[in-house]
């Protein structure tokens, strides 16, 4: 029996039926959490074009795709854990996702803990900032 290869984002689905729908297809991530998971998955594949296409505002300012691609290819991604998703206090088009992404770099385990801010702009979610 073949082993089912799960999506890097941690969901119990194949890449093609999970983040691949957004990264490889024409589908937009339906929630801020789905976008965050797909961005993590894109980093595991060093797909910086997707990363850049899904960011707006402060997050996009000064973003260096060459540097990001080089970094993504250097690290070995170990896993993603979403801690919580919560709405902005006053803006229903903004949502926060708190997560921990684990990776190896130079034979050391690192944990990136972040609260990312996402905004719904013209029907699509974008990563706009981190707290």
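A short reminder: the numbers here are calculations on the coordinates, not readings from a lab. In this text the structure is predicted, and so the values were computed from the model without any measurement. Neighbour counts are summed over all protein chains in view; Cβ atoms, including those assigned to glycine, are modelled from backbone coordinates with ideal geometry.
Between residue 112 and residue 61, the FRET efficiency estimated from the beta carbon spacing at R0 = 25 angstrom works out to 0.80. Taking label positions 7 Å along the Cα-Cβ direction at both residue 90 and residue 77, the computed distance is 3.5 nm, reported to one decimal. The mean of 1/r over all pairs of different alpha-carbon atoms in the chain, once inverted, gives a Kirkwood hydrodynamic radius of 15.2 Å. Structure remark: mean-square fluctuation, Gaussian network model of the chain, C-alpha springs under 10 Å; the largest value among 33, 98, 106 belongs to 106. When each of the peptides 39-46, 67-74 is scored by how many other beta carbons lie within 10 Å of its residues on average, the order from highest to lowest is 39-46, 67-74.
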